[in-house]
Amino acid sequence: MGVNRLWGLWLAAGMCFALSSCAGQPEAWGRTPLEAAEAVMDSQTELPALQQMEAGEAEFDACLSGYYQIDTERVLAGVICCAEGMEAAEVVVLELTDEAEAQAAAERLEDYREKRQGDFAGYAPAQAELVEQGRVVVQGRCAALLICPDGAAAEAAFLDCF
């Protein structure tokens, strides 16, 4: 009976340890950044064709550091999907090293969004309005820039990936 009691204590202690190690962890990331970006794009009815760049590609790294001012070393995975020419539509999904980095990336994405709005002001008012209504969303270690015609649907699609 003493051995059974000892095993019971070890089992209980192990379960407590396992449960406590889950506390404070970010929500599970259910998809890759590309899959999340595709879910966002699928939520839109009027989205122009978007060019896609993924983490690890030279063009992705150049955009990340040049346009968004985000350190590529902090990004674990990501995708940038953007329109060409006079179209402002853009979907950026990044998985970062931790939640603090995701918050910092979101601030930089918001700075970029505001600057991008100014780029279209005056000569493309409809595109400037699209950018103005864009959203920056953070969930756990992930940050997203969603410049889409239906911002609410884009945000919901992104959050459904968790």
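Which residues, taken from region 31-45, are open to solvent by 60 Å² or more (accessible area, probe 1.4 Å) and either modelled with pLDDT under 90 or not in a loop (DSSP other than H, G, I, E, B) (or both)?
So in region 31-45, the residues open to solvent by 60 Å² or more (accessible area, probe 1.4 Å) come out as 31-32, 35, 38, 42, 45.
Answer for region 31-45, where residues must be open to solvent by 60 Å² or more (accessible area, probe 1.4 Å) and either modelled with pLDDT under 90 or not in a loop (DSSP other than H, G, I, E, B) (or both): 31, 35, 38, 42.
Answer yes or no: is there a residue in region 115-130 that is within 27 Å of residue 30 (Cβ to Cβ) and either modelled with pLDDT under 95 or of a type outside the set (Ser, Thr, Tyr) (or both). Give the steps one after another, and end with the answer.
First, the residues of region 115-130 that are within 27 Å of residue 30 (Cβ to Cβ): none.
There is no residue in region 115-130 that is within 27 Å of residue 30 (Cβ to Cβ) and either modelled with pLDDT under 95 or of a type outside the set (Ser, Thr, Tyr) (or both).
Screening region 131-153 for residues that are out of contact with any helix residue (DSSP H, G or I) (no Cβ under 7 Å at 6 or more places or on another chain) and hydrophobic (A, V, I, L, M, F, W, C) and picking the one that is surrounded by the most Cβ atoms within 10 Å (Cβ to Cβ) gives 153.
Could you please let me know if residue 87 is over 9 Å from the mean Cα position of the chain (by Cα), in a loop (DSSP other than H, G, I, E, B) and not hydroxyl-bearing (Ser, Thr, Tyr)? Quick ask: steps written out before the conclusion?
Values: over 9 Å from the mean Cα position of the chain (by Cα): yes; in a loop (DSSP other than H, G, I, E, B): yes; not hydroxyl-bearing (Ser, Thr, Tyr): yes.
Yes: the conditions hold for residue 87.
If you go through region 46-63 and keep only what is aliphatic (A, V, I, L, M), over 9 Å from residue 91 (Cβ atoms) and either in contact (Cβ under 8 Å) with a residue 12 or more places away in the chain or buried (at least 16 other Cβ atoms within 10 Å of the Cβ) (or both), you end up with 49, 53, 55.
If you filter region 90-104 down to residues that are assigned to a helix (DSSP H, G or I) and out of contact with any helix residue (DSSP H, G or I) (no Cβ under 7 Å at 6 or more places or on another chain), you find that the one that is surrounded by the most Cβ atoms within 10 Å (Cβ to Cβ) is 102.
The values are calculated or read from the model by the stated rules, or taken from the named source; none is laboratory data. Note that the structure is a prediction, hence the values are computed from the model and not measured. Note that each Cβ is placed from the backbone with ideal geometry, even for glycine, and that neighbours are counted across all protein chains shown. To get the accessible areas, we keep the full protein, side chains included, count just its heavy atoms, and leave off ligands, DNA and RNA. Shrake-Rupley method; radii C 1.70, N 1.55, O 1.52, S 1.80 Å.
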